[in-house]
Each structure stands twice: as structure tokens, then as C-alpha cells.
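Beneath this line is the structure, given in C-alpha cells, with notes to follow.
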Amino acid sequence: MTRIPLGMPTPPGAAPAFPAAAARSTQDATLRENLRHATHTIRAKRAAAVAELSDWAELRAAGAAIKDHTLRHLDHYLEQAEAAVTAAGGQVHWAADAAEAQAIVTRLVRDTGEREVVKVKSMATQEIGLNEALAAAGITAYETDLAELIVQLGNDLPSHILVPAIHRNRAEIRDIFREHMARWGRPAPDGLTDEPAELAEAARLHLREKFLSAKVAISGANFLVAETGTLVVVESEGNGRMCLTLPETLISVVGIEKVIPAWRDLEVFLQLLPRSSTAERMNPYTSMWTGTSHGDGPAAFHLVLLDNGRTDALADQVGRQALRCIRCSACLNVCPVYERAGGHAYGSAYPGPIGAILTPQLRGTASALDASLPYASSLCGACYEVCPVAIDIPEILVRLRERVVEGGAVTIRGTRAVIRPAKGHAAERAAMRAARWTFDHPRALRAGQRLVSRTRRLHPRRLAGPGRAWSDTRELPEVPPESFREWWQRTRGPQGTA
Amino acid sequence: MRVALFVTCVNDTLYPRTGQAVVTLLERLGVEVDFPAAQTCCGQPQYNTGYRRETEPLAHRYADTFRGYDHIVVPSGSCAAMVRDNYPRLGARAAAEGRGRGLADAAASVVPRTYELTEFLVDVLGVTDVGAYYPHTVTYHPTCHGLRLLRLGDRPLTLLRKVRGLRLLELEGAEECCGFGGTFAVKNAAVSAAMGTDKARAITATGADAVCTVDNSCQLHIGGTLARQGSAVRPVHLAEILASTEGTEGKAL
Ligand code: SF4
């Protein structure tokens, strides 16, 4: 099957809207099976891991409250973090958007004289398309997370926050390793099978070379503790730990919403995150570092604080909840739409429910793709139920739908602006108005119902035009000879005024 | 106790027998129920598609129509959730936009009086055995807004278990959305159909005679998909099962 060529983030405007992309991916039987199997497995495990804690509801409320407090005083905590990181020997850089962050990181790598970097799995660097920017500057970035490696070798795009290669099965991974590992370094061992242990060993050998030779590493962070300037990365494989400790220079690109006030707050998130994401009581590796330490770990540390639309999202009273996200991916794993459409249909580093609310806030709703994302949900609410920081994703989806169809006041790069309704909704708007008018005039409603009932023998079984979207896969309901309203009127005598 | 039925626009137009079943059931339980004719639609299709301003007159209409009733009974989890969850939001937004507290007050007045049917039966009337007889095998699909917004919990199943002659069959993946989602069914038809197909297969696999829900809008999609697949399982609203008695059984199926 064809895959979208490498290039993150997908250029808005050029990418197909979600419904078109999803219509294609739902037809891909292998993809559907891979996703169904993977999401159902982790879904059940998460539920069990969460059920173990009797105080989960309190933890969840505490997580949301800590994040809300921090976001309300974001300026304060960021400055506190900057001072602490600087005092500990690190350098702090501020990036307003993706281009600025790319430029800062590229310059920092160039200053070391190196042409290769190793990378810790990071959503922020995916978001800003860092690997592509570095490649354009002649710098090769090697992904070291196993799933990111699979994606990179396969010239593919990540389709999941935690497991970027969730759309691939074992046989596909074996083929990718056999075919592409040699081009990036140590080739796959001869006769490699699709046994998980063999695949992991092949990746281990391939990556070890990189760890031992790399002088520069690039990471993100799960948390940034303001009181001490400590960065925290949680992971399962230990590959991140290698990158964070072996190279001479470490550059961490961190979204400004990752800051938390104090170590005490970590206690809450280090319980919420592993249970929600990998269904583990505790993740195997938790790496923490504060600036630089003499003779131990990287001698130079740079922290790049990334805004890239986050303060704009913060300005929206409903949408700002999305900034609580700790990227656990529980909402993806439980989402029936994600399970069937797959991550690529969301056209962003952030797929699934969180992507549907975050991408339109970070990138805006101007492109057809970004304007379609808030509609990529049946509003079933399963995501809200599992979210460890209680982000009311359906509420934000509806809020963003309103932004799409009604326009209104938004904040773009720090400036309040009024946007116009998105194009292509004129017919729908007219229909909604007409429906509202009818519903506001019960007599008209009754007349309409009568007409539909009297002509019911004439109704086609399949519709043309936009109605085809319904009748292609579903029978139309039989229209009853009489509405409830008519029946009531006939059997209970005249009531009311309609 | 003045009780009003908010039948909902979908039931009114396409499923009148569900409304009739509610009336039959409540009257059998000794509750006099009224149908104020000024009622229309709760505004959910508009609201959930992003047309918040178009929703406001309908929220006002709902509050005006049901003024003076002690209880408003809604045979739809989704529409009851629209009133309880979203009317306060509409009111708060209008107030925040400097358009007064009218809508917020209207919302506050109807929220505590609005009950989904099973809530009204179990919580207000305090009955779980409504004296129904329904000699069929039934599987129950908990629709999302009833399940997650109203937290109906086991109310519907408790009521079903007390129905004489009824055999309840477990539905695999019951809590997964059927894929209806209002305008989602048309805007994302491919994904909606894929979800519906999986749900319909799970329903057929139970071998039940009927699939029961508390939401006919979801049934529109589930039933339409079942019929297209050639499945013999019939969609039926919980109210119709609960209204059935020895004399009338079979009518609802
Ligand atoms: S929105 Fe919630 S559930 Fe989804 S990734 Fe973020 S924290 Fe996890």
C-alpha cells in the first residue's frame, strides 16, 4: 500500500481533509486489524492498571488541578524554571514558533561541529518537523526509540503518540529492517525473522553503534520541574537514558505547558502517566537531570522552550484544557474513530482525540484538513472518561466546531482576531437555520410531518446527493403514517396551541 | 405531581410508538402525563455541529414549554443529556458574552427537572418491576450519552431483568459507540459505517430477537445497518419493552 511520503508536519492545505483520508484508511484491512488488535489489548490493560488504585478519581482531579494552576501562572513558573536551569549550568532559549525552534536547534548543533545527532522519542520535535529541518541543514538525526526507528527506516509517518509504528505488524517490521537498516548504519542480521526477540536484538545492535558514537543528543521532556529546573523523561526501553547520558551536548525541546511547579507534583503525574499510557504501575526508566554536572553526563545542556501556538490556545477558556495533556495516548487507544481511521488520517504529529482538539488550536482552522479535525468524532465521550487529567475532549470538539462554522474571536500569535466562518459550510448553515426555524414554529413542524407521512409510500429506499452518505450503508427508516403529535391530538383531544 | 413528556423530534416524527409506549407505561404506573404541544427539538443537532447561536432559541423554547411541570420525562439519553449537560454551558457562554442571565436561568430551571425515562422510573417513582411481559431474547446496547453523560449505570438493565419472559443476552463490546453521532454519520460516513458494521455484527452474534437501547437516533443507524446486512435482529426502544404486557406482547416486535 502507498504511504504518505516523509515530511512533518504535513503541510496544511495540501493534505486531504479527515473524512477523505479516513475513507481510504478504513478500507485497509491490514491496518484495521493491526490497530484493532493493538488498541484493544492496551485498552484492557489500562483499565486493569487503573482499577488497582482506589484513589484514581482523586489523582485525576489532582492532576487536572495542578496543571490548571500552573497554566494560570505559566509566566511565573517558566521564569522560575529558566532561572533554575541557568543557575545549574544550562542555557535556556525561547522559541515562539516551529521555524524559530528549528533555527535555534540547527545553530546549536552546527556550533558543536557535528553532523549527526541521536534522538530521544519526542512529540515536540515531531510537531515542529525538526528532523526534516536538520536534514535540510546537512545534519542527520537518528531516532532511537524502537517504534520511531521503525517509522524512520520505513520512510513513514508516526501514527500514534506512544507507539508511532502501531500501524505496523511484525512481518512488516521485519521487512523494513531487512530492507532499510543498512542504509542508516549496521544492517539487519542475516535470516532475521519476525520473532519479537529477534527484532529487538536487531534494533539493539543497530542502535548501539549510534549511542557509542554520538556527540549530540536531542530530546523532549515529559515534565519540567520549575523549583529546581529539573527535566524528566519517562520511557520503557532505556534508549532515551543512553542518549541523555552518553553524548557531550544535550538539547531538549520542551513545550511551555510541560512545566510543573514542584517535585511534590511529580508524585501525582508519575502515577497517572504510566498507568494510562503503557498500563504499567511504574515505567521502567525515569531519567531526571538538572543543568549539567561536572564529569557526569553531557557537559553542555540547552533547553529550548517552545510556544508554537500554545499561548493562543491558552487564551481560549474552553480550549485551554487541552494544554493539560501529558501525552499518555489513552484517548487514542479507546477511540473508536482512531481505531478505524488510523493515525495518519489526522495529518499531524498528534493523532486521535487529542490531535483533533490540539492541532486546530496550534495550527488554526484555515486549511480544509484542520477545519475537518473537530468533526472527527462521534462525541461518544470515551476519551474524556479515560483522560488522566480530565480533559473534556467532546466539549472542546464542539467549541472548535463552533469556531469553524460560526467564526468569532480567536487569538493568533498573541493578537486577538475575529475569524470568518470556514468555507464550504453554506448549505449546512442554511439547513441548520431552516431546521431551527421549523423547530421554533411547531405548526410548521406538524405540517412538515404530515407531508412526510402522506407521501411515505413514495419515498425512495436510497437517497441521492449528500443523503447517499447515509443510505449507502444503512436502510432508511419507515416513516410512520402518523406522528406522535398527531396521535396525541387524535386520541387525547386538543391540547396546547400547536 | 405534574409530569410532562418531552418526546423528542426524532421520536415524534419517526418513532411515535416509542412515545405511545411511554404514555401507556406511565399511565399503567398511575402517572398522569401531559404532552405540551409547543415542544419541538432540544437543539442537539445544531449544538453538536457547532451552531451554538441557532441552539439558543430552542433551549428557551424548551424552558418555556415545560414551565410549571414538576418532572420532564425524556425517552432519549442523548436529548436528556443535551438539556442537562449543554444548556448550562449555553447559558454560561451567553452570560459571559454580556447577553444577560436569561438563558442561564432558563437552563438552571429545567436541569433538575429533566429525567431520562429510566431515571424517572427508578429514581423518582422508585420502581424497577413495571409489570411488563416480553417473551423474547434481548440484548442491550448502552448508548454513549446515557452511559457516559447521564451515568444511567445499571438502571436500564435492572428494569429489563424484571420483565417477565425476557431473556437478556450479553453484547460483546457493549460500551463501544455504534458510530451514529448525529451529523458525524454523514460527515464521516466511512468511519461511521465501519463502526456501525462492527456493532451490528456483535449484535447479530448474540442471536437475540431484538436489540434494545434508550435512544432511537442510535437505533436509526443500528437498525438501518442491521437491515442492510440482512440481520433478523430488530431494534426496539426500552420503553416499548416496558410497555408490553400479556395482552399486547409481540406488538412492539
Ligand atoms: S488528552 Fe488526556 S488521554 Fe489523551 S493523550 Fe492527553 S492526557 Fe492522555
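The values are calculated or read from the model by the stated rules, or taken from the named source; none is laboratory data. Note that the structure is a prediction, hence the values are computed from the model and not measured. All Cβ positions, glycine included, derive from the backbone under ideal geometry; neighbour counts span all protein chains shown.
Couple of notes before you dig in:
- Criterion violated by B:Met1 - all others in (1) away from chain A (no Cβ under 11 Å); (2) under 24 Å from B:Gly100 (Cβ atoms); (3) at pLDDT below 95 satisfied: (2)
Rundown of residues vs (1) in a strand (DSSP E or B); (2) under 30 Å from A:Val318 (Cα atoms); (3) outside the structural domain of A:Gly240 (by TED's automatic domain parsing), yes/no style:
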site	(1), (2), (3)
A:Val50	no, yes, no
A:Leu53	no, yes, no
A:Glu79	no, yes, no
A:Gly89	no, no, no
A:His93	yes, yes, no
A:Glu100	no, yes, no
A:Thr106	no, no, no
A:Thr125	no, yes, no
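- Residue match in segment B:190-202 (condition: without any contact (Cβ under 8 Å) to a residue 12 or more places away in the chain, in contact with a helix residue (DSSP H, G or I) (Cβ under 8 Å, 6 or more places away or on another chain) and at negative phi): yes
- Against the conditions (1) in contact with an Asp or Glu (Cβ under 9 Å, 6 or more places away or on another chain); (2) on the phi < 0 side of the Ramachandran plot, A:Gly414 satisfies every one except (2).
- Which numbered condition A:Val404 fails, given (1) out of contact with any helix residue (DSSP H, G or I) (no Cβ under 6 Å at 6 or more places or on another chain); (2) within 16 Å of B:Asn48 (Cα to Cα); (3) at pLDDT 85 or above: (1)
- Scanning segment A:371-398 for residues that are of a type outside the set (A, V, I, L, M) and within 15 Å of the ligand (Cβ to nearest atom) returns A:Pro374, A:Ser377, A:Cys380, A:Gly381, A:Cys383, A:Tyr384, A:Glu385, A:Cys387, A:Pro388, A:Asp392, A:Pro394, A:Glu395.
- Filtering segment A:165-196 to residues that are of a type outside the set (D, E, K, R) and over 29 Å from the mean Cα position of the chain (by Cα) leaves A:Ala182, A:Gly185, A:Pro187, A:Ala188, A:Pro189, A:Gly191, A:Leu192, A:Thr193.
- Test: residue in segment A:301-311 that is more than 13 Å from the ligand (Cβ to nearest atom), under 25 Å from A:Leu246 (Cβ atoms), surrounded by fewer than 17 Cβ atoms within 10 Å (Cβ to Cβ) and of a type outside the set (Asp, Glu): no
- Failed item, numbered, when A:Gly342 is tested on (1) in contact with a His (Cβ under 8 Å, 6 or more places away or on another chain); (2) within 15 Å of the ligand (Cβ to nearest atom): (2)
- The number of residues in segment B:4-42 that are in contact (Cβ under 8 Å) with a residue 40 or more places away in the chain, within 10 Å of chain A (Cβ to nearest Cβ) and either of a type in the set (Gly, Ala, Ser) or out of contact with any helix residue (DSSP H, G or I) (no Cβ under 9 Å at 6 or more places or on another chain) (or both) comes to 1.
- Residue in segment A:316-338 that is over 23 Å from A:Ala64 (Cβ atoms), more than 9 Å from the ligand (Cβ to nearest atom) and within 14 Å of chain B (Cβ to nearest Cβ) present: yes
- Single residue of A:Glu52, A:Glu100, A:Glu82 found to be of a type in the set (Asp, Glu) and surrounded by fewer than 15 Cβ atoms within 10 Å (Cβ to Cβ): A:Glu52
- Filter result (more than 16 Å from the ligand (Cβ to nearest atom) and closer than 19 Å to A:Ala38 by Cα) within segment A:151-184: A:Val151, A:Asp156, A:Leu157, A:Ala165, A:His167, A:Arg168, A:Asn169, A:Arg170, A:Ala171, A:Glu172, A:Ile173, A:Arg174
- From the options B:Pro88, B:Pro45, B:Pro112, B:Pro36, residue that is closer than 25 Å to A:Ala435 by Cβ, part of a helix (DSSP H, G or I) and at pLDDT 95 or above: B:Pro88
- Tallying residues that are at positive phi and within 8 Å of chain B (Cβ to nearest Cβ) within segment A:436-494 yields 0.
- Residue among A:Ala464, A:Ala434 that is closer than 26 Å to B:Lys187 by Cα and at pLDDT 80 or above: A:Ala434
- From the list B:Thr213, B:Thr118, B:Thr158, the one residue that fits, being in the same structural domain as B:Gly30 (by TED's automatic domain parsing), at pLDDT 95 or above and either farther than 24 Å from A:Ala44 by Cα or crowded, with 22+ Cβ neighbours inside 10 Å (or both), is B:Thr118.
- Within segment A:170-262, strands (runs of 3 or more DSSP E) holding 1 or more residues that are polar (S, T, N, Q): A:216-219, A:230-235, A:249-255
- Residue pairs whose Cβ atoms lie under 8 Å apart, separated by 6 or more positions or on different chains, with the first residue in segment A:313-336 and of a type in the set (D, E, K, R) and the second away from the ligand (no atom under 12 Å from the Cβ) and assigned to a helix (DSSP H, G or I), are A:Asp316/A:Gln361; A:Asp316/A:Arg399; A:Arg320/A:Leu71; A:Arg320/A:Ala313; A:Arg320/A:Leu314; A:Arg324/A:Asp68; A:Arg324/A:Leu71.
- Counting the residues of segment B:165-191 that are within 7 Å of chain A (Cβ to nearest Cβ) and either hydroxyl-bearing (Ser, Thr, Tyr) or farther than 22 Å from A:Ala44 by Cα (or both) gives 10.
- Selection status of A:Val389, more than 14 Å from every other protein chain (Cβ to nearest Cβ) and touching a residue at least 24 places away in the same chain (Cβ under 8 Å): yes
- So A:Arg46, is it assigned to a helix (DSSP H, G or I), without any contact (Cβ under 8 Å) to a residue 40 or more places away in the chain and assigned by TED's automatic domain parsing to the domain that holds A:Arg320: no
- Residues of segment B:115-142 satisfying the condition of being closer than 30 Å to B:Ala205 by Cα, assigned to a helix (DSSP H, G or I) and touching a residue at least 60 places away in the same chain (Cβ under 8 Å): B:Leu117, B:Thr118
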